[in-house]
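Engineer: One structure coming up, written as structure tokens, with questions to follow.
The numbers here are math on the coordinates, done by the rules we state, and not lab data. A quick note: this is a predicted structure, and the numbers were derived from the prediction, not measured. Here the Cβ is made from the backbone with ideal geometry for all residues, glycine too, and neighbour counts use every protein chain on show.
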Amino acid sequence: MMLAEKYLRDAMMPHMWCPGCGHGIILQAVIRAIDKAGLEHDKTVIVSGIGCSSRASGYMNFDTLHTTHGRALPFASGIKMANPDLNVIVLTGDGDALAIGGNHFIHACRRNIDITTVIFNNSIYGMTSGQYSPMTPVGQFATTSPYGNIDRNFDVCELAKSAGATYVARSTAYHAPSMPDLIVKAINNKGFSVVEAVGQCPTYYGRRNKLGSPVDMLNWQKEHAVNVAAAAHLTPEQLADKLIIGELHNSSAPEFTEKYDQLVARLQGRE
Amino acid sequence: MSPTVKLLQGNEACVEGALAAGVKFFAGYPITPSTEIAELLAERLPLVGGRFMQMEDEIASMAAVIGASLTGTKAMTATSGPGFSLKQENLGFAIFTEIPCVVVNVMRGGPSTGLPTSPAQGDVMQARWGTHGDHPVIAVYPASVPEAYELTIKAFNLSEKYRTPVIMLMDEVVGHMREKVELPDVPQIPIEERPRPTVSKENYLPYDNNQGDVPPLANFGDGYHFHVTGLTHDQTGFPTSAPAKAKVLYERLHRKIENNLDDILMWETKDMEDAEIGVLAYGSTARSAARAVSLAREQGIKAGLMRPITIWPFPEKLITQYASQLKSLVVAEMNLGQYVNEVERAAQGQVPIKRVLQANGELIRPDTILQAIMEVK
């Protein structure tokens, strides 16, 4: 059976993403990863917030929860905590995860709860037609930064690592062939995992910033991406406008629901 | 076996009721005067196979409760005014997506940070209309510690039976006061569970229009592969903006509550048979009102007490049943006029309404209510 037949909801097609959008490419990588990781279909739950990327949950043939803006992670945390046997994957966007959901994001990292989060980073609020997000680079144009963005952007991977996430990786829509392997590792990590998937929004970000066609935007990703191994040999100046891709952090720490199980075992004298 | 008798706070009785109802998940955030509920469940839940999470904020707590409930777990949270404000968006999500859960709001004086350790009844309209959009709501409100125990069980029952969040309002007095509570080994109130699907997984519709007004809810993780969204949805669970389908959803959501008022509405009356002066009050104010009614009776005044226990949906019947028999209806509440406006609307001019309103962080005293009775007798 084709992956699309198995994992996508035919009834929900066509999707609502614009031509040239990177989200479909990232969704494909997520599906390939779920398949490759061998996750039990019935025991996998997809949770999303609000925004273009968060519509992905509706397209996926799993138990799916399309929540409120910024809140996918606490909804997902409730699911995982109430039933730790479930595999919980959160699909979110840069605005959803890091602006309105920023507090939930750092606390999910800190807790190291076993959830895999894929951040569809298109550097813009697409659903509301192109306002700047916490991931819009300084100087770039958006409807709410008509004179160029003066608001500094996050490095979400550094943020995740500092806050306690135990697996952190970055990829781009251009690097679609290698993205699933990073997501597989994120899924297999027993703890909180973050994959930043850089994509393109040709409609609201590319056009306003004169970045050309979707193909030009994908080529930009190709030209600005540096693999983490290669990046180790470059100076900060050389890396200034580069995206470091690959596995950026992989550590181990106690996982939240396991710690709770241990607590229960101790209290009930089973330890 | 004889029941265990304990001297408990309202907040503690709420926890006992929740455990009796089968709560297995609590997510919350510290806030006075509800914190004891979180503290006690942090201690008790891991002992009974449940799980407790202290979240990063009030919004996250409400979200986690909904997530937990979707796995088939009975879930609750507890808060006070500022937190109740923060929970409103996700409360609306749970109403709209029909996910059972219980939200306790131990009211303090507000607005804003207000009077954190003082009683008030200022969130009564917020309980009805706090979240945006057109929605039905169920809210219950105990007036004593034993009732806090019983009503928590009933709140879970209503929540499961009607697939909707149920708000339990308490005021700081009910939350913190200690009274004797009998805790039976087995709850005397039958425990309800949400309707479960009986169709095949392939044919399951999470918002089935042909299964009565409360469609069965599957658990996440059981293979039904269904979608839950806060967007307006049709019976498949998938978003729709078709007016005809939207209408079906909104009307069913209202109907499932409005058509079951006999089951949902609870109230208590005292000395109403021959009453000429009615006194309507709820929560701890009803205790002062009950005392005022007794004092009035001692003086030969035919007064009676009307105490809504389910405060939303509004118990119109309670008002219409007595409105024509009364010379006057005294409404007492710890706010500057919220529920009284609903009472006035329901009374339709059949009886003059006397307002006893107070918002200063203190209980309304029986003599204040008695004085109002004397003025209208």
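Engineer: Neighbouring Cβ atoms within 10 Å as the yardstick, rank B:Met334, A:Met217, A:Met16 fewest first.
Structural biologist: A:Met16, A:Met217, B:Met334
Engineer: Could you tell me which of rounded, prolate or oblate describes segment B:4-183, using a ≥ b ≥ c as the square roots of the eigenvalues of the alpha-carbon gyration tensor, with rounded for a/c under 1.5 and, failing that, prolate when a/b is larger than b/c and oblate otherwise?
Structural biologist: rounded
Engineer: Okay, moving on. Quick check on segment B:268-376: of the DSSP beta bridges with both residues there, what percent are antiparallel, nearest 5%?
Structural biologist: 20 percent
Engineer: Indicate the gyration tensor shape class of the protein assembly as shown (rounded, prolate or oblate), computed on the Cα atoms with a ≥ b ≥ c the square roots of the eigenvalues: a/c under 1.5 is rounded; otherwise a/b larger than b/c is prolate and the rest oblate.
Structural biologist: It is prolate, given that a/c is not under 1.5 and a/b is the larger ratio.
Engineer: Suppose every K and R has +1 on its Cβ and every D and E has -1 on its Cβ; what is the size of the dipole of chain B about the Cα centre, in Debye to the nearest 20?
Structural biologist: 300 debye
Engineer: Roughly how far apart, in whole Å, are the Cα centres of segment A:65-116 and segment B:234-280?
Structural biologist: Each part reduced to its Cα centre gives a spacing of 33 Å.
Engineer: Past the 19 angstrom mark, what percentage of all C-alpha to C-alpha distances in segment B:126-217 do you count?
Structural biologist: Considering segment B:126-217, 56 percent of its Cα-Cα pairs are separated by more than 19 Å.
Engineer: Which angle between 0 and 90 degrees, to the nearest 10, do you get for helix B:58-70 versus the longest principal axis of chain B when only C-alpha atoms count?
Structural biologist: It works out to around 60 degrees.
Engineer: If the convex hull of the alpha-carbon atoms of chain B is projected onto planes in all directions, what is the mean projected area in square nanometres?
Structural biologist: Hull-based average projected area comes out at 19.3 nm².
Engineer: Tell me, what ³J(HN,Hα) does each residue in segment A:75-81 have, in order and in whole Hz, if you take phi through Karplus 6.51 cos²θ - 1.76 cosθ + 1.60 with θ = phi - 60° and put x for Gly and Pro?
Structural biologist: Whole-Hz 3J(HN,Hα) from phi for segment A:75-81: 4, 4, 5, x, 5, 5, 5.
Engineer: Take B:Leu357 and A:Lys210, extend 7 Å from each Cα along the Cα→Cβ direction, and tell me the distance between the two endpoints in nm.
Structural biologist: About 6.1 nm separates the two model spin labels.
Engineer: Right, something else. I'd like the mean, over residues of B:212-224, of how many other protein chain beta carbons sit within 10 Å of each residue's own Cβ.
Structural biologist: 3
Engineer: Report, by chain and number, residues whose modeled amide H sits under 5 Å from the one on B:Gly237, excluding near sequence neighbours (fewer than 5 apart, same chain).
Structural biologist: Distant-sequence amide H within range of B:Gly237: B:Tyr207.
Engineer: Shifting gears a bit: Relative contact order for chain A: what percent, with Cα pairs under 8 Å and sequence separation of 6 or more?
Structural biologist: 18 percent
Engineer: Antiparallel DSSP bridges in segment B:4-183: what percent, to the nearest 5?
Structural biologist: 30 percent
Engineer: I would also like to ask the following. Gap in Å between the Cα centre of segment A:20-45 and the Cα centre of segment B:82-143?
Structural biologist: After rounding, the separation between the Cα centres reads 38 Å.
Engineer: Under a cut-off of 14 Å between alpha-carbon atoms, report the aspartates and glutamates in cross-link reach of A:Lys190, not counting same-chain residues fewer than 8 places apart.
Structural biologist: List returned: A:Asp85, A:Asp114, A:Glu255, A:Glu258.
Engineer: Also, quick follow-up: What does the helix-only formula give at 222 nm for the protein assembly as shown: each DSSP H stretch with n ≥ 4 adding -39500 (n - 2.57), the total divided by the residues, and the result rounded to the nearest 500 deg cm²/dmol?
Structural biologist: -10500 deg cm²/dmol
Engineer: For helix B:243-258, what angle does its Cα long axis make with the longest principal axis of chain B, in degrees from 0 to 90 and rounded to 10?
Structural biologist: Result, in degrees: 50.
Engineer: How big is the gap, in Å, between the Cα center of segment A:157-228 and the Cα center of segment B:1-30?
Structural biologist: Going from one Cα centre to the other spans 47 Å.
Engineer: Along the charge dipole of segment A:3-267, Cβ charges K/R +1 and D/E -1, which of A:Phe154, A:Thr235, A:Ala176 sits furthest on the positive end?
Structural biologist: A:Phe154
Engineer: Now for a separate question. Does anyone have the angle between helix B:35-44 and the longest principal axis of chain B? Alpha-carbon axes, 0 to 90°, nearest 10?
Structural biologist: Helix B:35-44 and the main axis of chain B meet at about 50 degrees.
Engineer: Now for a different question. B:Leu336 to A:Ser178: FRET efficiency via 1/(1 + (r/R0)^6), r the Cβ-Cβ distance, R0 60 Å, to the nearest 0.05?
Structural biologist: Once rounded, the FRET efficiency stands at 0.40.
Engineer: Could you state the per residue volume, in Å³, of the convex hull enclosing the Cα atoms of segment B:215-370?
Structural biologist: 163 Å³
Engineer: Of the listed peptides A:242-249, A:228-235, what is their order by residue-averaged count of other C-beta atoms within 10 Å, with the highest listed first?
Structural biologist: A:242-249, A:228-235
Engineer: Students often check this: by mean Cβ neighbours within 10 Å, which of B:206-217, B:167-178 ranks highest, and how do the rest follow?
Structural biologist: B:167-178, B:206-217
Engineer: What is the sum of charges, Lys and Arg at +1 and Asp and Glu at -1, for the other residues whose Cβ falls under 14 Å from the Cβ of B:Lys161?
Structural biologist: Spelling it out: positives minus negatives among the neighbours equals -1.
Engineer: Let me confirm one metric for peptide A:4-17, namely the mean number of other chain beta-carbon atoms within 10 Å of its residues' beta-carbons.
Structural biologist: The mean count of partner-chain Cβ atoms within 10 Å per residue comes to 1.
Engineer: Given R₀ = 51 Å, what would the calculated FRET efficiency be for A:Glu258 paired with B:Glu202, taking r from the Cβ atoms and rounding to 0.05?
Structural biologist: Plugging the Cβ-Cβ distance into 1/(1 + (r/R0)^6) gives 0.90.
Engineer: Excluding residues on the same chain fewer than 8 positions from B:Lys180, give the lysines whose Cα lies under 27 Å from its Cα.
Structural biologist: Filter leaves B:Lys6, B:Lys24, B:Lys74, B:Lys154, B:Lys270.
Engineer: State to the nearest 20 debye the size of the charge dipole of chain A about its Cα centre, where the only charges are +1 on K and R beta carbons and -1 on D and E beta carbons.
Structural biologist: 240 debye
Engineer: Next question, about the same structure. What nm value, rounded to one decimal, do you get for the distance between B:Asp274 and B:Asn209 when each label is placed 7 Å out toward the C-beta?
Structural biologist: The modelled label-to-label distance comes out at 5.5 nm.
Engineer: While we're looking at this one, here's another question. Label-point separation (nm) for B:Asp263 and B:Leu47, each offset 7 Å from Cα along Cα-to-Cβ?
Structural biologist: The two pseudo-label positions are separated by 3.4 nm.
Engineer: A further question follows. Can you put B:Leu7, B:Leu231 in order of Cβ neighbours within 10 angstrom, beginning with the fewest?
Structural biologist: So the ranking, lowest neighbour count to highest, is B:Leu7, B:Leu231.
Engineer: Would you work out the charge dipole size for the protein assembly as shown about its Cα centre, treating the Cβ of every Lys and Arg as +1 and the Cβ of every Asp and Glu as -1, and quote it to the nearest 20 debye?
Structural biologist: The calculation lands at about 520 debye.
Engineer: Taking a ≥ b ≥ c as the square roots of the eigenvalues of the Cα gyration tensor of segment A:3-267, is the shape rounded (a/c under 1.5), prolate (a/b larger than b/c) or oblate?
Structural biologist: It comes out prolate by the Cα gyration axes.
Engineer: Putting +1 on Lys and Arg Cβ atoms and -1 on Asp and Glu Cβ atoms, find which of B:Gly110, B:Ala13, B:Gly28 reaches farthest to the positive end of the dipole of segment B:1-113.
Structural biologist: My answer, from the dipole projection, is B:Ala13.
Engineer: What share of the DSSP beta bridges in the protein assembly as shown is antiparallel, in percent to the nearest 5?
Structural biologist: Of all bridge pairs located within the protein assembly as shown, approximately 25 percent are antiparallel.
Engineer: Only counting other Cβ atoms within 10 Å, I'd like A:Phe141, B:Phe96 sorted with the fewest neighbours first.
Structural biologist: Result, fewest neighbours first: A:Phe141, B:Phe96.
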